[in-house]
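The values are calculated or read from the model by the stated rules, or taken from the named source; none is laboratory data. For clarity, every value in this text was computed on a predicted model and none was experimentally measured. Cβ placement follows ideal geometry from the backbone for every residue including glycine, while neighbour counts extend to all protein chains displayed.
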Amino acid sequence: MQVVILNNDKKFLDQIRNEIYQIDPLIEVVVYNDATKFLEDFELFLDYSIFIVDILFYNENGIELAKKINNQINGAQIIFVSNYVNVISEIYETKHCYFIYKPSLEKYLFKALKRAINNIRESKNNILINCRGKKIVISLSEIIYFERDLRRTIIHLNNTQYYTYDKFQSFLDLVPDNFFECHRSFIVNFNEVREHQRNRFILKNNVVIPISRSHEKQAKDAFENYLMYSQ
């Protein structure tokens with residue numbers, strides 16, 4: 001997960017970055033204390049999903065900055081922070097998911113991140129695959145896991161399977177972070193996992209998905225991270 005923090009108060013930047021790392025050390029954090037510099041670098045962040053924006057920048061209005069993010073990044077999750085509660089009405093001119101009063105940062109940051117992550121997961125609803133000369137839409141909530149079978153990818157649902165020659169790795173760009181590649185031949189939906197062991201996931205339907213040795217630590221960290229934000 002990647003988060004951009006936009007705030008011109010260096011002390012607060014350090015505080016919020018430390019708070020995020022305490023919540024989840026796997027989050028990649030990028031900080032800007034200059035809105036002009038951020039706008040110059042804007043194209044670097046088109047794949048980022050969460051932006052923590054101070055409403056009052058010294059050289060840019062945070063609300064106007066949020067509007068630019070909304071216009072350029074579909075589904076961007078914006079968390080506003082401010083010392084001033086009298087600006088709350090103005091944030092409704094933007095698409096945002098949370099407002100945090102700065103003195104309450106420690107209390108509400110996790111809740112804000114959790115809402116942003118859940119919004120991202122819910123926004124990715126379907127994938128489109130090529131199957132036997134047809135294009136088929138599949139709901140992500142129905143997918144249990146992906147399996148690589150030589151050049152084919154098998155998409156396992158509760159009551160059926162779809163076979164496609166769409167590249168296995170391409171699906172990683174289409175699914176939210178509750179899907180995880182635990183093996184070069186398997187992408188598992190954490191929503192369907194009943195039990196995690198060091199070298200395998202046991203699914204709710206009792207299917208066993210192997211975890212390769214090279215993915216063991218990542219799988220453990222990713223599954224714990226998933227559970228933390230899903231509770």
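Among residues of region 19-45 that are closer than 16 Å to residue 7 by Cα, those with a beta-carbon under 7 Å from a residue that is among the β-branched types (Val, Ile, Thr) and part of a helix (DSSP H, G or I) at least six positions away or on a different chain give the pairs 29/20.
Only one of 102, 68 is closer than 21 Å to residue 36 by Cα and basic (Lys, Arg). Can you tell me which? First the steps, then the outcome.
Working: 102 fails: closer than 21 Å to residue 36 by Cα.
Going through 102, 68 in turn, the sole match is 68.
Of all residues in region 191-229, those that are touching a residue at least 40 places away in the same chain (Cβ under 8 Å) and part of a helix (DSSP H, G or I) total 9.
Residues that are crowded, with 18+ Cβ neighbours inside 10 Å, over 24 Å from residue 209 (Cβ atoms), in contact (Cβ under 8 Å) with a residue 12 or more places away in the chain and aliphatic (A, V, I, L, M) occur in region 113-135; there is at least one.
Of everything in region 159-190, what is part of a strand (DSSP E or B) and under 24 Å from the mean Cα position of the chain (by Cα)? Give them in sequence order.
Quick first cut of region 159-190, residues part of a strand (DSSP E or B) only: 161-164, 179-183, 186-189.
Those that are part of a strand (DSSP E or B) and under 24 Å from the mean Cα position of the chain (by Cα): 179, 180, 181, 182, 183, 186, 187, 188, 189.
Restricting 28, 90 to residues that are surrounded by fewer than 21 Cβ atoms within 10 Å (Cβ to Cβ) and closer than 25 Å to residue 121 by Cβ narrows the list to 28.
Condition check for residue 156 on (1) surrounded by fewer than 18 Cβ atoms within 10 Å (Cβ to Cβ); (2) outside any helix (DSSP H, G or I): one failure, at (1).
Of 224, 181, all but one fail to be modelled with pLDDT of 95 or more and not small (Gly, Ala, Ser); the exception is 181.
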